[in-house]
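Right, one structure below, let's go through it.
None of the figures in this text is laboratory data; all of them are computed from the coordinates on show. In this text the structure is predicted, and so the values were computed from the model without any measurement. Cβ placement follows ideal geometry from the backbone for every residue including glycine, while neighbour counts extend to all protein chains displayed.
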Amino acid sequence: MEKRATELMASYGFFLDVREPLNRFSVAMQQIVAICRAIDLSAKVLILDEPTASLDTQEVELLFGLMRQLRDRGVSLIFVTHFLDQVYQVSDRITVLRNGSFVGCRETRELPQIELVKMMLGRELDTHALQRAGRTLLSDKPIAAFKNYGKKGTIAPFDLEVRPGEIVGLAGLLGSGRTETAEVIFGIKPADSGTALIKGKPQTLRSPHQASVLGIGFCPEDRKTDGIIAAASVRENIILALQAQRGWLRPISRKEQQEIAERFIRQLGIRTPSTEQPIEFLSGGNQQKVLLSRWLLTRPQFLILDEPTRGIDVGAHAEIIRLIETLCADGLALLVISSELEELVGYAGRVIIMRDRKQVAEIPLAELSVPAIMNAIAA
């Protein structure tokens with residue numbers, strides 16, 4: 001068996017001790033071993049689902065070399081990925097799926113990248129830029145500044161500054177690294193490179209608790225999984241972040257909890273029968289308002305919103321947009337991740353473009369439009 005494994009790996013140009021435990025090898029080599037195992041079973045069709053997600057540039061090239069060898073030997077490969085540059089490097093045909101439905105299939109050499117982006121987003125480029133008013137910053141000094149900040153295998157090093165009264169948009173296709181950027185900033189996936197300055201002072205953001213104490217809040221994209229505690233009441237969900245900040249040995253009194261919950265229900269227009277209603281029975285828009293209340297209660301100076309209007313009805317959608325603009329006017333610094341490009345153009349002061357888990361462009365207010373964003377995504 002060892003001889004067979006050694007010969008199989010060597011036939012594709014990989015020479016290693018097959019007796020070594022697999023966990024001693026890189027993620028890329030583990031992927032290659034898994035592929036060779038499938039080939040040893042005489043697989044004629046090989047499906048690779050996001051195989052490059054955790055690989056660096058050199059490891060990606062190593063994997064692509066094996067994929068090309070397999071193609072040349074008659075194996076069919078289905079390469080599932082959101083990395084557009086990689087699709088064009090290694091594929092012969094591109095099939096696009098959107099929301100679980102087939103959109104189309106084209107020869108790679110005949111499909112311009114801008115056309116691919118339009119197929120993925122499900123919209124045409126507008127022929128005119130949307131007009132919008134300028135925004136006055138309350139201070140030139142950034143609340144948060146990140147320099148060469150990143151995490152290997154998660155997001156390439158990036159630069160970002162956010163100022164009081166500013167909304168910075170973050171745009172890109174699904175899988176482009178938008179959410180990963182937020183998670184690195186908020187300490188969910190702590191950075192391993194670069195520097196972070198919060199209110200001008202160097203900080204090491206190693207956990208969400210530390211980020212919260214420093215005045216950073218984060219409303220995640222998947223509010224049902226990562227945001228709300230479904231069976232808990234509206235009151236309990238609202239006070240959660242403040243209680244975590246204070247520490248669980250210093251509980252907030254029930255009376256104070258009640259007063260806080262009633263205040264935010266009133267201020268944000270949360271539609272609920274009572275503060276004790278389990279949040280799982282609220283609409284998506286009202287759940288989102290509860291999450292916003294949770295972070296506003298901690299009095300953050302920098303708030304990250306990941307897809308804040310996703311999955312909510314039209315009326316609540318408009319209310320959330322108005323709330324975002326109100327928070328900005330009140331001096332909060334916001335980083336808003338959104339797939340709704342018209343929204344970003346409507347309220348952002350500038351938009352940063354992500355592609356293949358890298359920051360690739362920044363569009364200033366004077367040039368901001370839906371076509372400009374889409375062209376930058378596809379460039």
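Per-structure values
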read-out: Distant-in-sequence amide H partners of Ser26 (H built 1.01 Å from N, under 5 Å); value: none
read-out: Answer label, with semi-axes √(5λ) of the Cα gyration tensor in Å calculated from the coordinates and candidates (1) 64, 22, 16; (2) 35, 26, 17; (3) 42, 25, 21; value: (3)
read-out: Helix axis angle, 234-246 relative to the chain longest principal axis, alpha carbon, degrees; value: 80
read-out: Using θ = phi - 60° and Karplus 6.51 cos²θ - 1.76 cosθ + 1.60, couplings along the range 85-90 (whole Hz; Gly, Pro as x); value: 4, 5, 4, 6, 6, 10
read-out: Cβ-placed point charges (K, R +1; D, E -1), dipole of the range 213-361 about Cα centre in debye, nearest 20; value: 500
read-out: Principal-axis tilt of helix 314-329 within the chain, Cα atoms, nearest 10 degrees; value: 70
read-out: Burial ranking of peptide ranges 234-247, 165-178, 261-274 (average Cβ count within 10 Å, highest at the top); value: 165-178, 234-247, 261-274
read-out: Separation in nanometres of the label points that stand 7 Å from Cα toward Cβ, at Glu276 and Asn99; value: 4.0
read-out: Dipole moment magnitude, nearest 20 debye, the chain about Cα centre, only Lys, Arg, Asp, Glu C-beta charged; value: 840
read-out: Nearest-0.05 FRET efficiency for Thr195 and Lys224, computed from C-beta distance (R0 51 Å); value: 0.90
read-out: Cα-based shape type of the range 9-63, given that a ≥ b ≥ c are square roots of the gyration tensor eigenvalues and the cut on a/c is 1.5; value: oblate
read-out: Rounded tilt (10° steps) of 57-72 against the dominant C-alpha axis of the chain; value: 40
read-out: Computed magnitude of the charge dipole of the range 2-121 (debye, nearest 20; Cβ of K, R +1, Cβ of D, E -1); value: 340
read-out: Of Lys152/Lys289; Lys255/Lys289; Lys118/Lys358; Lys44/Lys151; Lys118/Lys289; Lys118/Lys224, those spanning more than 27 Å from alpha-carbon to alpha-carbon; value: Lys152/Lys289; Lys44/Lys151; Lys118/Lys289; Lys118/Lys224
read-out: Inter-label distance, nm, simple model (7 Å from Cα along the C-beta direction), Ala10/Ser139; value: 6.6
read-out: Relative contact order (%) - criterion: Cα under 8 Å, at least six apart; region: the range 2-121; value: 18
